Amino acid sequence: MTLSTQTAQTARDDDSTAIRWERDESGVVTLVLDDPGQSANTMNQAFRDAIAAIADRAEAERDSIRGIVFTSAKKTFFAGGDLKDMIRLGPAQAQQAFDAGMAVKRALRRIETLGKPVVAAINGAALGGGYEIALACHHRIALDAPGSRIGLPEVTLGLLPGGGGVTRSVRLLGITDALLTVLLQGTRHTPRRALEKGLVHEVADTAEEMLAKARAFIDAHPESRQPWDEEGYRIPGGTPATPRFAADLPAFPANLKKQTGGAPYPAQRNILAAAVEGSQVDFETAQTIEARYFTELVTGQTAKNMIQAFFFDLQAVNSGASRPSGIEPRPVRKVAVLGAGMMGAGIAYSCARAGIDVVLKDVSAEAAAGGKEYSRRLLDKALSRGRTTGAERDALLARITPTADSADLAGCDAVIEAVFEDTALKHKVFQEIQGIVEPDALLCSNTSTLPITLLAEGVFRPADFIGLHFFSPADRMPLVEIIKGERTGDGALARAFDLVRQIGKTPIVVNDSRGFFTSRVIGRFINEGVAMVGEGVDPASVEQAAAQAGYPAKVLSLMDELTLTLPRRIRDETRRAIEEAGGVWTPHPADAVIDRMVDEFGRTGRGGGAGFYEYAEDGSRTGLWPGLREHFTGAGTPVPFADMKERMLFSEALDSVRCLEENVLTSVADANIGSIMGIGFPAWTGGVLQYINGYEGGLPGFVARSRELAERYGERFEPPALLVRKAERGERFGDVG
Ligand code: NAI
C-alpha cells in the first residue's frame, strides 16, 4: 500500500500534530503516529489533543473513509505513557489524571465504533499505551522486527494499563488469560509469541507485507466491528457465572500474595479488581472503573517510586556521569575469562551473547569444557522454547574456546578473573597471563569481597586493574558493580563501563571499600534478620516480615544459601583490618548468633546440610530448625511486626547513606538501581535512597523513625549526619525524571 499524502484540509493534518492523517485515493486513511521532535511516541498532551481531533475528523468524513490503519514513523510503534508527566501527579491532581485518561479512552472508542475497519500495523515495540491503541483496533498485525516487544508492562511501574488495556484485554482473552498473559506480570512478548497468545492476529516479515495485509483486511471486512460489540458477545471463559471462572476466582488473591509476598504492591491488587469488576458491567462502565483504579495508582507513592527507579536505571546507564569523559570507546573483541566455575561460566555466556570472542580458561581442559557446557545447556533450553535459532546457538557456542593453556589467551583485549576467592591465587593467575594478552588489555576481577586496592598490589599494570562484580547467576542478573581501586586509572574505568554496556548490563560505579556497596549493604539486612532470632523473635515471623517488606528472598533462607561461615570470615578479616589501622570495631548483635550456630550447633547453612533451616538428603528445605526457638530466647521483649520489617529496610537505607558519606557511593541513581537489581531491595520502594524520599513525612519522618528504632534496638539506627542535614534543609536524595 502506498502511503500517499493526499491530505485533506480539515482537522490538523499539519506536521505539528502527533498523528498525521494520510488518506489515499481509495479512501484508506493511514494514521501515522509521529510526535514531532520526540524520538518516540508517548501518551502526552500532544497525543491526547491529536487523538481527539482524529476522532472528530473520522466521524466528520466517515462516508468517504474505507478503512483506517494505525502505524508509526518512529522505530517503535508507540512507547506508552509519558512517565515524566505521570511522576508529577499527586493526590491533588487526581481529577485531572482521571479526565485525561477518560479523554483518550473516549477518542479511541469513537474510532473503534465508527463502523469502518481499523487495523494496527505494529511496526516496532508496542508496549503499554502502544498495545492499548492496537487493542482498540479490529485487526492487529505485528512486524517481526528484531527486539520488538508487545505487552502491557504497566505493572512493573506500579501502574495499570489505563488506556482501555484492562477492559479490552479481558474481553479479548478472558479474565484468567488476560491476567496471566499480559496484566499481572507485565510480560513483554516477541511478535511470534504475541501471535501464539492471541495478542495479535498476524505477523509480517517486512513492512510491505504488513501494510499489504492491512489493506487485505480492510478489503475483506468493510464493516468491521470488535468482538465485544457484536450481538450476544460473552467474555471468553465467562464471568463468575461459568464453572471455569468460578473455579479460578478464589485462587487469584492467593496467587497475588504469592507473587508479591504480601508486600505493598497496590498495582496487582487494582489490576485484579479492575479486571473482575469490569467484567461484570458494560464496556463503558468498565472503562470508568479502570480509570478510577488507574488514577489511584498514578497519584500514589509506589508508582512514583517505581517510575523513579526506571529513571535511575536510565541515568545509571545513559548519563555517563560515572564514566570519565574524553576517552574514546573501544569495543572489546576478545575476552579472557579466568576460572570456568559458576561465575566464569555465566560471564562467558554473557560476553559471547554480545558477540565477543571468549577464551575460557581453567586448570584443566575438562574443567574449562564444563564451563562451556553451561552455555550449551542454556542455549538448548532457549532453543526448545523457541527463544533462539539453531544457527544463533551454534554461532554463540563457536565464540567460546575452552582451554587450560595460557598461550590461547593471546590477542585478548580484556581479562575477567573469576577463580576461587583467594588473594594469592588471584595474583598468580594474573602473573600467568602477563605478556600473553594484549599489552594494554583491561584487567578485571570478579572478586566479591577482596578489596580492589589490596588486590592491585599483586597485579601488573595496577592502573588498568578494576573490580567487575557480577551477580549470580551472571547470565541473568542485569547489574554489574564496577569497583574503582585507589590506583585504577580513568581509562580502565571508562573501558570497564563500556564493556558492561557492551554486554547489555547496567553498570554502577563505586569506590573501593570492604564489601563495596552491594555486599556491604545486603549484609546489614541479613544481620538484622539474624539479630532478631537472637532476641527471641519467632523465626517464622522474621521470614514473614522479610516477605511482607517485599524482599524476594527471605532473610534466614538467604543466610543459609550464602553459608554462615562466609560472613564470619569476612567479619573477622574486617575486624582485623580495622584494629590494625587503629580503629574501633563495633560488634553486631548478629555475630553472637552466627558464632553459636556454627561453633555450638555445627550448623553452617544449606551447603553443610543444616542451618537456620533443616534440609532433606536431596538438599531441599524441610522447615525452620526447631532448635532456634529453644536456644535463642533473648530477653523476650516483643518486637512489633512493623518494626521487624522496618529494621530490615532501615538498616540497608541508613548504611547506604553512610556509603554516600564515605564516598563509596558517588551517585544516588547508582544506589537505587544497584539495590534493586543487585541485592533484592524491594522494588516498590524505588531503591534504597528513594525509600527514604518516599517515606511518610519525607526525610524528617525518616530521621524521626530512625531515632525511635535506635532507642529501641541499638545505635546502628542513629541517622547519619548527612541524612540529618538534608532533612533539616528540606532536601531529598537526587530525584531524576
Ligand atoms: P567456583 O568455585 O564455582 O569457580 C572457581 C573456578 O576457578 C573453578 O572452576 C576452578 O577450577 C577455577 N580455578 C582455580 N584455580 C584456577 C587457575 N589457576 N586458573 C584458572 N582457573 C582456576 O567459584 P565462583 O562461585 O564461580 O566464584 C569465582 C569468583 O567470583 C570468586 O572470586 C567469588 O568470590 C566471585 N563471586 C562469586 C559470586 C557467587 O555468587 N558465587 C558472586 C560474585 C562474585
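Can you go through L558, L493 and tell me which one is closer than 30 Å to R353 by Cα, without any contact (Cβ under 8 Å) to a residue 40 or more places away in the chain and surrounded by fewer than 23 Cβ atoms within 10 Å (Cβ to Cβ)? Lay out the reasoning, then the answer.
On the way: L493 fails: without any contact (Cβ under 8 Å) to a residue 40 or more places away in the chain.
Going through L558, L493 in turn, the sole match is L558.
What's the total number of residues in the range 428-472 that are of a type in the set (A, V, I, L, M, F, W, C), out of contact with any strand residue (DSSP E or B) (no Cβ under 7 Å at 6 or more places or on another chain), more than 10 Å from the ligand (Cβ to nearest atom) and in a loop (DSSP other than H, G, I, E, B)?
Total satisfying the criteria: 2.
Kindly list the number of the only condition in (1) under 16 Å from R524 (Cβ atoms); (2) aromatic (F, W, Y); (3) touching a Phe, Trp or Tyr at 6+ places or on another chain (Cβ under 9 Å) that fails for Y713.
Single failed check for Y713: (3).
Between a first residue in the range 423-434 that is not assigned by the TED database to the domain that holds T453 and a second residue that is more than 10 Å from the ligand (Cβ to nearest atom) and assigned to a helix (DSSP H, G or I), which pairs have beta carbons less than 8 Å apart while being 6 or more apart in sequence or on different chains?
Filtered contacts from the range 423-434: no entries.
Looking at the range 527-578 only, could you name the residues that are in contact with a helix residue (DSSP H, G or I) (Cβ under 9 Å, 6 or more places away or on another chain) and of a type in the set (S, T, Y)?
S541, Y551, S557, T563, T565
Tell me yes or no: at least one residue of the range 383-395 is away from the ligand (no atom under 14 Å from the Cβ) and among the β-branched types (V, I, T). First the steps, then the outcome.
Let us first name the residues in the range 383-395 that are away from the ligand (no atom under 14 Å from the Cβ), namely 383-395.
Retained after the next criterion (residues that are among the β-branched types (V, I, T)): 388-389.
Scanning the range 383-395 turns up at least one residue that is away from the ligand (no atom under 14 Å from the Cβ) and among the β-branched types (V, I, T).
Of all residues in the range 334-346 being more than 9 Å from the ligand (Cβ to nearest atom) and crowded, with 24+ Cβ neighbours inside 10 Å, which is farthest from the chain's Cα centre (by Cα)? So that I can check it myself, show each step before the final result.
Our first condition is that a residue be more than 9 Å from the ligand (Cβ to nearest atom); within the range 334-346, this holds for 334-337.
Now restrict to residues that are crowded, with 24+ Cβ neighbours inside 10 Å: 335-337.
Details: V335: 27, A336: 29, V337: 27 Å.
Restricting to residues being more than 9 Å from the ligand (Cβ to nearest atom) and crowded, with 24+ Cβ neighbours inside 10 Å, the top hit is A336.
Please verify whether E561 is in a helix (DSSP H, G or I) and more than 19 Å from G680 (Cβ to Cβ), treating the condition exactly as stated. Don't jump to the end; show me each part of the working.
Values: in a helix (DSSP H, G or I): yes; more than 19 Å from G680 (Cβ to Cβ): no.
Criteria not met by E561.
Being in the same structural domain as L499 (by the TED database), within 11 Å of the ligand (Cβ to nearest atom) and surrounded by 14 or more Cβ atoms within 10 Å (Cβ to Cβ) narrows it down to one of V415, V419, so name that one. Spell out how you get there, then give the answer.
Values: V415 fails: within 11 Å of the ligand (Cβ to nearest atom).
Just one listed residue meets the conditions, V419.
Could you say whether any residue in the range 510-518 is part of a helix (DSSP H, G or I), within 24 Å of S557 (Cα to Cα) and within 14 Å of the ligand (Cβ to nearest atom)? Talk me through it step by step, then tell me what you get.
Step one: list which residues in the range 510-518 are part of a helix (DSSP H, G or I), which gives 518.
Retained after the next criterion (residues that are within 24 Å of S557 (Cα to Cα)): 518.
Narrowing further to those that are within 14 Å of the ligand (Cβ to nearest atom): 518.
Yes, the range 510-518 contains a residue that is part of a helix (DSSP H, G or I), within 24 Å of S557 (Cα to Cα) and within 14 Å of the ligand (Cβ to nearest atom).
Taking the range 663-673 as the search range and keeping residues that are assigned to a helix (DSSP H, G or I) and over 11 Å from the mean Cα position of the chain (by Cα), which one is nearest to R732 (Cα to Cα)? Steps first, please.
Taking the range 663-673 first, the residues assigned to a helix (DSSP H, G or I) are 668-673.
Checking the rest, the ones that are also over 11 Å from the mean Cα position of the chain (by Cα) come to 668-672.
Working: V668: 10, A669: 13, D670: 15, A671: 14, N672: 13 Å.
Taking the candidates together, the pick is V668.
Just to be sure, is R323 away from the ligand (no atom under 16 Å from the Cβ), modelled with pLDDT under 95 and touching a Phe, Trp or Tyr at 6+ places or on another chain (Cβ under 6 Å)? It would help to see each step written out before you state the result.
Working: away from the ligand (no atom under 16 Å from the Cβ): yes; modelled with pLDDT under 95: yes; touching a Phe, Trp or Tyr at 6+ places or on another chain (Cβ under 6 Å): yes.
It is true that R323 is away from the ligand (no atom under 16 Å from the Cβ), modelled with pLDDT under 95 and touching a Phe, Trp or Tyr at 6+ places or on another chain (Cβ under 6 Å).
Find the helices (runs of 4 or more DSSP H) located wholly in the range 689-736 whose residues include 3 or more that are surrounded by 16 or more Cβ atoms within 10 Å (Cβ to Cβ) and modelled with pLDDT of 95 or more, and list them. Step through it out loud before you land on a result.
Numbers: elements: 690-694, 698-713, 721-728.
Here the list reads 698-713, 721-728.
Based on this model, can you work out whether G678 counts as farther than 13 Å from G734 by Cβ, touching a residue at least 40 places away in the same chain (Cβ under 8 Å) and in a helix (DSSP H, G or I)?
Numbers: farther than 13 Å from G734 by Cβ: yes; touching a residue at least 40 places away in the same chain (Cβ under 8 Å): yes; in a helix (DSSP H, G or I): yes.
The answer is yes for G678.
Within the range 347-382, track down each residue that is surrounded by fewer than 15 Cβ atoms within 10 Å (Cβ to Cβ) and within 9 Å of the ligand (Cβ to nearest atom).
V363, S364
Return only the number of the condition from (1) closer than 30 Å to N446 by Cβ; (2) in a helix (DSSP H, G or I) that S322 does not satisfy.
(2) is the only condition that S322 fails.
Take the residues of the range 198-225 that are touching a His at 6+ places or on another chain (Cβ under 6 Å) and at pLDDT 95 or above: which is farthest from A142 (Cα to Cα)?
Filtering the range 198-225 down to residues touching a His at 6+ places or on another chain (Cβ under 6 Å) leaves 201, 217, 224.
Those left that are additionally at pLDDT 95 or above: 201, 217.
Working: H201: 8, F217: 14 Å.
This residue is F217.
Tell me, which residue of the range 255-311 that is closer than 15 Å to I175 by Cβ and β-branched (V, I, T) is surrounded by the most Cβ atoms within 10 Å (Cβ to Cβ)?
Checked the range 255-311; the qualifying residue surrounded by the most Cβ atoms within 10 Å (Cβ to Cβ) is I271.
Kindly list, by first and then second residue, each pair from a residue in the range 271-289 that is part of a helix (DSSP H, G or I) to a residue that is surrounded by fewer than 18 Cβ atoms within 10 Å (Cβ to Cβ) and modelled with pLDDT of 95 or more, limited to pairs with Cβ atoms under 7 Å and residues at least 6 apart or on different chains.
Filtered contacts from the range 271-289: F283/W228.
The values are calculated or read from the model by the stated rules, or taken from the named source; none is laboratory data. Worth saying up front: this structure is predicted, and the values here are computed from it rather than measured. We place every Cβ from the backbone using ideal geometry, glycine too, and count neighbours over all the protein chains shown.
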